[in-house]
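The values are calculated or read from the model by the stated rules, or taken from the named source; none is laboratory data. All values reported here derive from a predicted model rather than from experimental measurement. As a convention, Cβ positions derive from the backbone with ideal geometry for all residues, glycine included, and neighbour counts pool all protein chains shown.
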Number of protein chains: 2
Amino acid sequence: MQHTPLSVQVTRGGIVESVHSIKAVIVSSTGEVLDSWGDIDSLVYPRSAIKAMQALAFIEMGGAERFAFSEEEIAICCASHNGEPEHVATVQSMLDKLAASETDFECGCHWPMRVEAGYALSGEGKKPNQLHNNCSGKHAGMLGLAKLLGVPSQGYIEIDHPVQQKIAATMAEMCEYDYGSAPWSPDGCSAPTWAMPLTNLGLAFAKFASPENLSAARQKACKTLYDAVVKQPFMAAGTGRYCTDMMRILQQRVFLKVGAEGVYIAAIPELKMAIALKCEDGAVRAAESVMTALLDHVGITSFVADDILQEYRSVTLKNWEQRTTGAIVCQA
Amino acid sequence: MQHTPLSVQVTRGGIVESVHSIKAVIVSSTGEVLDSWGDIDSLVYPRSAIKAMQALAFIEMGGAERFAFSEEEIAICCASHNGEPEHVATVQSMLDKLAASETDFECGCHWPMRVEAGYALSGEGKKPNQLHNNCSGKHAGMLGLAKLLGVPSQGYIEIDHPVQQKIAATMAEMCEYDYGSAPWSPDGCSAPTWAMPLTNLGLAFAKFASPENLSAARQKACKTLYDAVVKQPFMAAGTGRYCTDMMRILQQRVFLKVGAEGVYIAAIPELKMAIALKCEDGAVRAAESVMTALLDHVGITSFVADDILQEYRSVTLKNWEQRTTGAIVCQA
């Protein structure tokens with residue numbers, strides 16, 4: 001069914017202070033649109049929500065076995081991580097196994113996404129390097145893919161480099177979308193991000209959740225990535241992050257991934273479906289609120305105790321002195 | 001004239017990635033609504049945009065003279081400052097003059113609003129205290145008001161404390177709004193924030209810009225606060241902040257103040273008017289974009305070289321490697 005966009009209200013002192021509009025789609029692994037809210041045909045940049053698809057070619061070509069990547073290392077290929085010490089150490093181990101170094105990365109450098117990790121780093125008299133970039137795990141996978149393809153890694157972030165061309169071809173098959181004339185842009189980490197309809201993004205993750213109609217190699221690769229992330233949810237994001245917390249709560253039944261500007265995807269094997277959504281104004285707080293509501297809507301949360309999920313269904317807002325000021329609630 | 005809401009587009013790779021809706025009003029000092037966009041009658045929390053009004057009673061009662069506050073110190077009473085060393089030192093000086101201490105504050109403690117100031121603080125092995133709270137200047141003014149009123153400062157953030165009652169009475173006169181039954185909430189810093197229509201918020205700042213119909217004492221207080229902030233714009237916000245940069249560019253012709261959840265006000269003496277706006281989803285990036293467009297709209301920016309303002313009219317978005325990815329543009 002087609003519905004109007006979803007709405008998230010941010011309240012304060014009993015009235016609505018701010019409001020967000022969100023479009024969303026639920027797609028089956030056979031490509032059926034089961035439910036939709038808002039305009040799902042206009043183009044959306046998936047941003048980091050698509051990272052598992054960017055890692056897929058590397059895994060499918062046997063990258064994990066070739067470089068003896070651990071479950072944590074496979075998981076962080078799909079991550080927007082917090083730059084906490086465990087994340088940085090994991091990516092460093094991957095570089096060691098790839099016989100590569102931090103200077104081979106082309107993702108750029110930023111302070112850890114988790115600001116407290118930045119304060120801790122600075123407190124040790126250190127500054128961040130490219131390992132702290134929230135995309136460094138993805139970029140380790142891209143360096144690995146260059147090796148599997150037998151090409152120099154230099155320029156691997158450029159759209160015409162064999163690494164990105166291989167990734168685009170794999171994504172095009174999963175999303176069933178032709179990127180030939182699609183708008184694209186360097187993402188935050190300089191690798192390309194291609195725009196596509198939300199439905200095609202959802203379709204890719206429905207097939208990822210339930211890959212039985214894909215080739216044997218791709219089925220195995222999807223399962224390897226899915227299992228690694230849901231078993232190692234800390235590597236996918238980190239302390240205090242919705243992806244990590246919610247994947248822990250949902251006990252391997254759902255693969256979750258955020259993307260910049262309010263994108264979120266959920267892949268749900270036992271229902272052979274995926275949820276894809278985008279907050280029109282880019283707010284992550286609204287994307288998380290709607291994701292919780294839609295996970296409830298499809299029934300995958302029914303095994304979780306209500307009191308655990310209540311804090312995600314109605315997020316309590318507190319000020320610096322821990323006084324309650326309002327809430328974030330999806331109006332679904 | 002009444003218009004539909006303003007729209008801000010955030011683009012990436014040539015298409016719109018995210019979009020914001022903003023309501024705004026331009027009000028004259030005599031209360032005439034000169035122009036409006038969107039629903040200006042629903043209630044809005046002004047948040048920190050109203051800080052000059054919260055400081056008004058203290059200044060009007062002679063607080064600046066009594067405690068020999070400098071121009072910088074008067075300015076920071078109206079600030080949401082970055083917590084940079086200059087801000088912290090200024091507030092410490094105010095506490096010294098008030099014979100008060102950091103523990104008298106009831107605003108709570110947070111890491112500096114400017115994250116780089118937090119890294120620097122941590123690099124020195126320090127943690128933030130209440131002086132770093134972006135509202136600490138306002139709270140110094142509130143401690144001063146308690147002294148002027150001859151009441152103990154303890155509990156000065158509570159809605160029924162004489163300090164907040166005096167502030168509410170002054171704001172009610174300036175906004176011409178009865179807060180008796182208005183929704184309210186503790187703000188981020190625990191002092192109350194009362195909701196009101198956007199027009200009443202704009203009216204207060206139009207009268208602040210052009211106070212000739214107010215009492216002599218209030219006229220003088222408005223002028224004292226206006227002059228201090230526009231002459232010391234660094235104290236109002238800090239490095240890299242729109243308020244500070246734009247007040248410098250506009251050379252004392254406009255008083256600007258941001259509030260949380262996408263609120264902005266501008267007071268413009270030579271036009272005897274004010275602009276008040278609120279981004280419906282709370283995004284500051286959109287509020288800033290619309291403020292630039294409306295400052296252009298009223299003609300107050302015509303003396304500024306086009307190339308200086310162009311970067312505010314169309315904000316270029318760059319990634320971690322400084323590659324251009326898109327822009328933020330108001331569709332006014």
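Give me the residue from the range B:26-44 that is of a type in the set (Ser, Thr, Tyr) and surrounded by fewer than 16 Cβ atoms within 10 Å (Cβ to Cβ) and, out of that set, nearest to residue B:197 (Cα to Cα).
Here is the first cut: in the range B:26-44, the residues of a type in the set (Ser, Thr, Tyr) are B:28-30, B:36, B:42.
Subset that is surrounded by fewer than 16 Cβ atoms within 10 Å (Cβ to Cβ): B:30, B:42.
Numbers: B:30: 17, B:42: 5 Å.
Per the stated criteria, the residue is B:42.
Evaluate the range A:45-54: report whether one residue or more is under 25 Å from residue B:283 (Cβ atoms), buried (at least 23 other Cβ atoms within 10 Å of the Cβ) and among the aromatic types (Phe, Trp, Tyr).
yes
Hey, any hits in the range B:253-260 for a residue that's surrounded by fewer than 24 Cβ atoms within 10 Å (Cβ to Cβ), closer than 23 Å to residue A:17 by Cα and touching a Lys or Arg at 6+ places or on another chain (Cβ under 6 Å)?
Taking the range B:253-260 first, the residues surrounded by fewer than 24 Cβ atoms within 10 Å (Cβ to Cβ) are B:253, B:258, B:260.
Going one step further and asking which of them are closer than 23 Å to residue A:17 by Cα, we end up with B:258, B:260.
Cutting the leftovers down to touching a Lys or Arg at 6+ places or on another chain (Cβ under 6 Å) gives us B:260.
Yes, the range B:253-260 has at least one match.
Closer than 15 Å to residue A:141 by Cβ and either among the charged types (D, E, K, R) or surrounded by fewer than 24 Cβ atoms within 10 Å (Cβ to Cβ) (or both), is that true of residue A:80? First the steps, then the outcome.
Values: closer than 15 Å to residue A:141 by Cβ: yes; either among the charged types (D, E, K, R) or surrounded by fewer than 24 Cβ atoms within 10 Å (Cβ to Cβ) (or both): no.
No: the conditions fail for residue A:80.
Determine which single condition residue B:60 fails, assuming it passes every other condition in (1) in contact with a helix residue (DSSP H, G or I) (Cβ under 7 Å, 6 or more places away or on another chain); (2) acidic (Asp, Glu); (3) at pLDDT below 95.
With (1) in contact with a helix residue (DSSP H, G or I) (Cβ under 7 Å, 6 or more places away or on another chain); (2) acidic (Asp, Glu); (3) at pLDDT below 95 applied to residue B:60, the lone miss is (3).
Within the range A:174-190, count every residue that is in contact with a helix residue (DSSP H, G or I) (Cβ under 8 Å, 6 or more places away or on another chain), surrounded by fewer than 21 Cβ atoms within 10 Å (Cβ to Cβ) and not aromatic (Phe, Trp, Tyr).
The number of residues fulfilling the criteria is 2.
Tell me which residues, restricted to the range A:316-332, are modelled with pLDDT under 95 and within 19 Å of residue A:6 (Cα to Cα).
A:331, A:332
Exactly one condition in (1) in contact (Cβ under 8 Å) with a residue 12 or more places away in the chain; (2) surrounded by fewer than 18 Cβ atoms within 10 Å (Cβ to Cβ) is false for residue B:123; which is it?
Only one criterion is unmet by residue B:123, namely (1).
For the range B:100-135, give me each residue that is more than 13 Å from residue B:81 (Cβ to Cβ), among the aliphatic types (A, V, I, L, M) and outside any helix (DSSP H, G or I).
Within the range B:100-135, just B:100 meets the criteria.
Could you tell me whether residue A:11 is closer than 25 Å to residue A:293 by Cα, within 11 Å of another protein chain (Cβ to nearest Cβ) and surrounded by fewer than 23 Cβ atoms within 10 Å (Cβ to Cβ)? First the steps, then the outcome.
On the way: closer than 25 Å to residue A:293 by Cα: yes; within 11 Å of another protein chain (Cβ to nearest Cβ): yes; surrounded by fewer than 23 Cβ atoms within 10 Å (Cβ to Cβ): yes.
When the stated conditions are applied, residue A:11 passes them.
Of the conditions (1) farther than 16 Å from residue A:265 by Cα; (2) touching a Gly at 6+ places or on another chain (Cβ under 6 Å), residue A:79 satisfies every one except a single condition; which number is it?
Unmet condition: (1).
Which ones in the range A:212-228 are surrounded by 22 or more Cβ atoms within 10 Å (Cβ to Cβ) and touching a Lys or Arg at 6+ places or on another chain (Cβ under 8 Å)?
Once the filter is applied, which keeps residues that are surrounded by 22 or more Cβ atoms within 10 Å (Cβ to Cβ) and touching a Lys or Arg at 6+ places or on another chain (Cβ under 8 Å), the range A:212-228 yields only A:222.
Given the criteria farther than 18 Å from residue A:236 by Cα and more than 14 Å from chain B (Cβ to nearest Cβ), does residue A:254 qualify? First the steps, then the outcome.
On the way: farther than 18 Å from residue A:236 by Cα: no; more than 14 Å from chain B (Cβ to nearest Cβ): yes.
The answer is no for residue A:254.
If residue A:138 satisfies all but one of (1) more than 9 Å from every other protein chain (Cβ to nearest Cβ); (2) basic (Lys, Arg); (3) assigned to a loop (DSSP other than H, G, I, E, B), what's the number of the condition it fails?
(3)
What are the pairs, 6+ residues apart or on separate chains, where a residue within the range A:104-117 that is more than 8 Å from every other protein chain (Cβ to nearest Cβ) has its Cβ under 7 Å from a residue that is in a helix (DSSP H, G or I) and crowded, with 20+ Cβ neighbours inside 10 Å?
Filtered contacts from the range A:104-117: A:104/A:143; A:105/A:130; A:105/A:136; A:105/A:139; A:112/A:118; A:112/A:121; A:112/A:132.
Can you pull out every residue in the range A:305-330 that is without any contact (Cβ under 8 Å) to a residue 60 or more places away in the chain, within 22 Å of the chain's Cα centre (by Cα) and not in a helix (DSSP H, G or I)?
Within the range A:305-330, just A:315 meets the criteria.
What number of residues in the range B:284-302 are away from every other protein chain (no Cβ under 14 Å) and in contact (Cβ under 8 Å) with a residue 12 or more places away in the chain?
Initially, the range B:284-302 is screened for residues away from every other protein chain (no Cβ under 14 Å), giving B:288, B:291-302.
In the following step, the residues that additionally are in contact (Cβ under 8 Å) with a residue 12 or more places away in the chain were identified as B:288, B:291-301.
Final tally of qualifying residues: 12.
Listed residues B:116, B:72; which is out of contact with any strand residue (DSSP E or B) (no Cβ under 9 Å at 6 or more places or on another chain), surrounded by 18 or more Cβ atoms within 10 Å (Cβ to Cβ) and of a type in the set (D, E, K, R)?
Values: B:116 fails: surrounded by 18 or more Cβ atoms within 10 Å (Cβ to Cβ).
Result of the check over B:116, B:72: B:72.
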